[in-house]
1. Answer with yes or no whether residue 527 is closer than 24 Å to residue 32 by Cα and surrounded by fewer than 19 Cβ atoms within 10 Å (Cβ to Cβ).
2. If a residue must be over 15 Å from residue 121 (Cβ atoms) and assigned to a loop (DSSP other than H, G, I, E, B), how many such residues does segment 559-612 contain?
3. Tell me which of these residue 398 doesn't satisfy, since it passes every other one: (1) at pLDDT below 85; (2) out of contact with any helix residue (DSSP H, G or I) (no Cβ under 8 Å at 6 or more places or on another chain); (3) more than 25 Å from residue 58 (Cα to Cα); (4) outside any helix (DSSP H, G or I).
4. With segment 208-298 as the region, which strands (runs of 3 or more DSSP E) entirely inside it contain at least 1 residues that are closer than 23 Å to residue 349 by Cα and at pLDDT 85 or above?
5. Kindly list, by first and then second residue, each pair from a residue in segment 100-124 that is on the phi < 0 side of the Ramachandran plot and free of Cβ contacts under 8 Å to residues at least 40 places away in the same chain to a residue that is surrounded by fewer than 24 Cβ atoms within 10 Å (Cβ to Cβ) and in a helix (DSSP H, G or I), limited to pairs with Cβ atoms under 6 Å and residues at least 6 apart or on different chains.
6. Out of all the residues in segment 358-382, which are closer than 17 Å to residue 271 by Cβ, out of contact with any strand residue (DSSP E or B) (no Cβ under 7 Å at 6 or more places or on another chain) and modelled with pLDDT under 85?
7. Does residue 456 count as assigned to a helix (DSSP H, G or I) and touching a helix residue (DSSP H, G or I) at 6+ places or on another chain (Cβ under 8 Å)?
8. Do the conditions hold for residue 495, that is, is it surrounded by fewer than 20 Cβ atoms within 10 Å (Cβ to Cβ), more than 32 Å from the chain's Cα centre (by Cα) and in a helix (DSSP H, G or I)?
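The values are calculated or read from the model by the stated rules, or taken from the named source; none is laboratory data. Quick caveat, the model's predicted, so the values are computed rather than measured. Neighbour counts run over all protein chains shown; Cβ positions are idealised from the backbone, glycine included.
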């Protein structure tokens with residue numbers, strides 16, 4: 001390859017734009033997506049990218065794949081898949097901290113291989129909060145291992161993170177500027193990085209199992225919202241236990257009673273649901289009648305519920321055959337709401353307001369001046385400042401909050417949840433992954449097939465799909481992609497690569513070049529984000545590989561992997577999401593993350609060289 005290139009005006013302009021981008025990202029005076037848009041406009045005005053190609057980044061396979069993974073992730077979230085996963089993790093861990101950490105990290109890492117990292121972290125934050133509250137494992141000891149597993153696991157496929165999604169587009173673009181006689185660079189297949197991702201994920205799990213967790217502080221995280229956990233309500237209100245199904249037999253004295261009459265019987269558990277004939281309802285009204293074959297959804301300790309069932313000739317079932325969807329945590333749960341001074345509820349009782357019949361809210365307790373009222377709570381006149389403990393479907397709670405008579409203080413899913421669509425969503429997602437794996441279609445088309453399937457099947461509505469897209473990420477990527485093209489087509493990447501090789505001693509090992517490139521990309525990612533680092537460094541890596549007689553695909557892949565190698569600063573979107581809830585300090589992140597980042601670089605170089 002020719003290394004004695006002359007530094008042209010176009011090269012100077014491109015390198016100047018790269019420097020401008022780095023400075024603007026470093027000082028953060030202007031939002032990153034706005035900076036990217038300015039760079040795109042400057043590329044067009046200067047003629048460094050042809051006018052007819054300047055906006056091609058928005059239609060690139062990389063950007064469309066990013067959009068598709070965001071929507072698919074939202075579809076899985078709507079079905080409550082991860083809430084079910086939290087329960088499974090708790091059962092499998094059997095209360096053992098190390099087993100819980102390994103299981104949670106492994107499953108989260110696998111999830112991140114087919115969803116965008118920030119989306120996976122957003123979905124796992126409430127899961128982590130529930131796990132922390134139920135097990136006593138503090139959030140600082142849980143969130144950083146979880147975040148690193150998500151970042152590491154995203155390398156299992158070519159759609160797990162933004163740099164890998166962009167890599168194939170950058171490789172194909174590089175083909176148009178290859179020197180004559182150089183073989184065309186082939187794009188990587190969907191699971192080309194699977195062994196690398198598996199090694200990285202295993203490293204993350206082992207690191208925190210034997211070393212990393214000892215360096216994390218033990219204090220409770222600052223951003224915990226315990227109001228969604230069973231342990232919180234058990235401690236604060238004495239509301240504890242699981243949900244059971246009680247089937248009414250022909251000999252039961254409850255036959256013909258109203259639900260309100262059954263609730264005041266001695267030893268009655270909390271009645272949260274009722275199924276008569278084919279209709280199952282959460283928060284049934286007090287005047288609903290109980291008949292032979294009716295199924296009651298009751299919450300309480302196993303002993304309390306079993307005694308009530310025995311005394312009233314009811315058949316007890318611990319498995320939710322009729323109410324599984326209704327009691328799915330993604331669809332319904334316990335919440336707290338305050339009565340404001342302007343509320344129309346003041347002076348009225350729950351019975352007067354018919355909360356269950358009119359609003360779908362079951363009143364479980366009232367917290368008044370630090371005193372918890374649970375006996376005959378439906379007959380307690382409400383006052384301004386009362387904290388109501390409610391059980392309801394989340395959409396009913398959201399509708400009730402719109403009336404301004406309640407101020408909900410619990411964080412809960414605001415959108416409609418569709419747990420009954422879980423199997424459909426998983427099936428559609430599986431088909432999309434198989435299409436991507438087949439290599440007969442571009443990954444973007446395969447993933448968009450899944451999006452179309454979820455929309456047609458009603459897993460998501462089109463407006464929900466639009467809202468699932470992080471447009472800041474889309475604009476950042478689409479606007480910066482042409483900068484990578486300009487780096488390559490102007491010869492700036494080749495010029496930098498040539499002069500870099502000239503400065504190195506002869507016979508420098510290729511693995512050392514790769515390691516240096518990886519560490520340099522990691523340093524760039526701390527400043528200009530993982531997207532910006534990949535766009536700038538991939539063309540440079542390809543040209544250095546050609547100059548050194550190495551494999552361009554291997555060099556480019558190491559750079560794409562290294563762009564996500566940031567566990568030390570909040571410039572990594574995943575790390576930024578956990579620093580607040582867990583209360584991590586910058587020093588703590590560097591102390592724990594720096595050794596892991598170095599291990600990441602070494603393993604990435606080793607595995608890429610073994611595979612390529």
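1. Here the answer is yes, as residue 527 does meet what is asked.
2. Counting residues in segment 559-612 that are over 15 Å from residue 121 (Cβ atoms) and assigned to a loop (DSSP other than H, G, I, E, B) gives 7.
3. (4)
4. Output list reads 270-276.
5. Pairs found: 100/93; 103/89; 103/92; 103/93.
6. 375, 376
7. No: the conditions fail for residue 456.
8. It is false that residue 495 is surrounded by fewer than 20 Cβ atoms within 10 Å (Cβ to Cβ), more than 32 Å from the chain's Cα centre (by Cα) and in a helix (DSSP H, G or I).
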